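The values are calculated or read from the model by the stated rules, or taken from the named source; none is laboratory data. These numbers come from a predicted model, not from an experiment. Cβ atoms come from the backbone with ideal geometry, glycine included; neighbour counts cover every protein chain shown.
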Ligand code: NDP
Ligand code: 2IT
């Protein structure tokens, strides 16, 4: 089996040279899907995994804009339309200087399986730019978003491809891009999700990813007769996902003691709750990329250039970015008695870290399962746009909870080992794969 997996990966690496994040995401899936396909030869014969790892379409374009000094700026723009077997392409846009095609292909590839897990009809896609929003004025952000959309608009549509937010893209950026799309097409449609509630957005979308991640952690703990109550939690990041996770974990009786940024992390032994959670939003809105002002504001300790995983906690929720929790971090968490790790970010744990969690039988959930709440509520936003109706927060939250429960159940169904341990990576990969693979078989060689 190892030989088969290695051979498959050799092909992927040769066809996608140098794209190491993409290789990493594909390898994690291949490890569990290739053995599954061997038991189900119809997928092997139709070369489903080879087809699944090749995007249906990759769009790459130039984005020209002018900064506040009148200087011309040039960025790269992309949209990877990965797979449309079960619905229109769906996935976020990331604006961050680290964005490359490799990053977007890893995200787009994971998005296929994640979207399938939500039970909603959405294919997989991802896009973005190497634009750095840090320190930019509101006018610069608007001009960049308008220029970006001036090319992207011809490739997307409410029934074709529906982008949303991701790192560096929140409500403000979605607003500017939506305005430009509407102007160019002269139509008011649900082409983007994460819109403002007054103009077609869903209630609960901003909270959805973080809330969903905590609901998933709760399901894992419940399956062991445990709960979040009284647990200490380390969260990384201080963006949209981290904010939602801190809020919901606190509400469910846990104590969140860390948040982090690229500058380091803060440790708040009293727990991040109430006005401190509101302060996270202020911090994010400064566009400055640093979390240290929290320490000054609330008189707590700041650990420059360190990551929160060195603290003793019961639960870890990595919510910042890819590969932010490595084997050393995982070792420390395990030594300190962590019981549950639930990914809010996409691919935050390295393969070596995951191996350690699984070896030690920690409850570990991969992002494609545990952070699917964000795109799930995006799917619900699409439904509301189609109906031209808006649901209440309670209605959306109820649906989100049910979806996270269903994803958990699907993981248990496909991921339970003979000793009872649930391998959520295996469970999520197979459950997500089956639906897409069967749709691809039914639709022929397209
Ligand atoms: P935000 O832009 O709101 O926040 C991102 C956070 O991660 C910030 O704290 C950011 O700090 C930090 N960060 C970003 N890049 C790096 C880096 N290279 N090194 C260290 N820290 C970094 O984004 P989101 O909260 O939306 O996204 C966080 C994660 O969650 C990402 O992995 C994203 O793909 C994933 N995700 C998001 C969903 C959503 O609905 N928004 C849905 C599902 C997953 P800074 O900006 O200061 O660098
Ligand atoms: O990674 C993700 O799932 C997202 N950034 C959300 C995508 C979406 O379309 O809501």
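This table checks each residue for (1) within 16 Å of ligand 1 (Cβ to nearest atom); (2) over 28 Å from residue 416 (Cβ atoms).
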position	(1), (2)
137	no, yes
154	no, yes
171	yes, yes
176	yes, yes
186	no, yes
207	yes, yes
220	no, no
223	no, no
231	no, no
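Among 105, 114, which is the only one that is more than 17 Å from residue 139 (Cα to Cα), in a helix (DSSP H, G or I) and either free of Cβ contacts under 8 Å to residues at least 12 places away in the same chain or more than 12 Å from ligand 1 (Cβ to nearest atom) (or both)? Walk me through how you get there before you give the answer.
Numbers: 114 fails: either free of Cβ contacts under 8 Å to residues at least 12 places away in the same chain or more than 12 Å from ligand 1 (Cβ to nearest atom) (or both).
From the options 105, 114, the qualifying one is 105.
I need every pair where a residue in segment 314-327 that is within 14 Å of residue 342 (Cβ to Cβ) and modelled with pLDDT of 95 or more has its Cβ under 7 Å from the Cβ of a residue that is part of a strand (DSSP E or B) and within 16 Å of ligand 2 (Cβ to nearest atom), sequence separation at least 6 or different chains.
317/342; 318/349; 325/349
Can you tell me which residue in segment 179-207 is surrounded by the fewest Cβ atoms within 10 Å (Cβ to Cβ), limited to those that are without any contact (Cβ under 8 Å) to a residue 60 or more places away in the chain and within 14 Å of ligand 2 (Cβ to nearest atom)?
206
What is the residue count in segment 324-364 for residues that are on the phi > 0 side of the Ramachandran plot and surrounded by fewer than 16 Cβ atoms within 10 Å (Cβ to Cβ)?
Of the residues in segment 324-364, 2 are on the phi > 0 side of the Ramachandran plot and surrounded by fewer than 16 Cβ atoms within 10 Å (Cβ to Cβ).
For segment 374-394, give me the residue count where each residue is in a loop (DSSP other than H, G, I, E, B) and either surrounded by 15 or more Cβ atoms within 10 Å (Cβ to Cβ) or touching a helix residue (DSSP H, G or I) at 6+ places or on another chain (Cβ under 7 Å) (or both). Working first, answer last.
So in segment 374-394, the residues in a loop (DSSP other than H, G, I, E, B) come out as 388-392.
Still in the running and either surrounded by 15 or more Cβ atoms within 10 Å (Cβ to Cβ) or touching a helix residue (DSSP H, G or I) at 6+ places or on another chain (Cβ under 7 Å) (or both): 390-391.
Going through segment 374-394 one residue at a time, the tally reaches 2.
How many residues does segment 90-102 hold that are within 11 Å of ligand 1 (Cβ to nearest atom) and farther than 13 Å from residue 368 by Cβ?
8
Which residue is farthest from ligand 1 (Cβ to nearest atom), if the candidates are limited to segment 329-365 and must be farther than 20 Å from residue 226 by Cβ and not in a helix (DSSP H, G or I)?
The qualifying residue farthest from ligand 1 (Cβ to nearest atom) is 350.
Among (1) under 27 Å from residue 375 (Cα atoms); (2) crowded, with 18+ Cβ neighbours inside 10 Å, which single condition is residue 287 missing?
Failing condition for residue 287: (2).
Quick one: would you say residue 69 is assigned to a loop (DSSP other than H, G, I, E, B) and away from ligand 2 (no atom under 16 Å from the Cβ)? Don't jump to the end; show me each part of the working.
Working: assigned to a loop (DSSP other than H, G, I, E, B): yes; away from ligand 2 (no atom under 16 Å from the Cβ): yes.
For residue 69, the condition - assigned to a loop (DSSP other than H, G, I, E, B) and away from ligand 2 (no atom under 16 Å from the Cβ) - is met.
Return a yes/no flag: does segment 129-140 have any residue that is away from ligand 2 (no atom under 13 Å from the Cβ), in contact (Cβ under 8 Å) with a residue 12 or more places away in the chain, on the phi < 0 side of the Ramachandran plot and part of a strand (DSSP E or B).
Yes, that holds for at least one residue.
Determine if segment 321-328 includes at least one residue that is in a helix (DSSP H, G or I) and either away from ligand 1 (no atom under 13 Å from the Cβ) or over 20 Å from residue 222 (Cα atoms) (or both).
Checking segment 321-328: at least one residue is in a helix (DSSP H, G or I) and either away from ligand 1 (no atom under 13 Å from the Cβ) or over 20 Å from residue 222 (Cα atoms) (or both).
I want to confirm something. Restricting to segment 237-251 and keeping residues that are crowded, with 18+ Cβ neighbours inside 10 Å and away from ligand 2 (no atom under 16 Å from the Cβ), which single residue is nearest to residue 286 (Cα to Cα)?
Going through the qualifying residues, I end up with 238.
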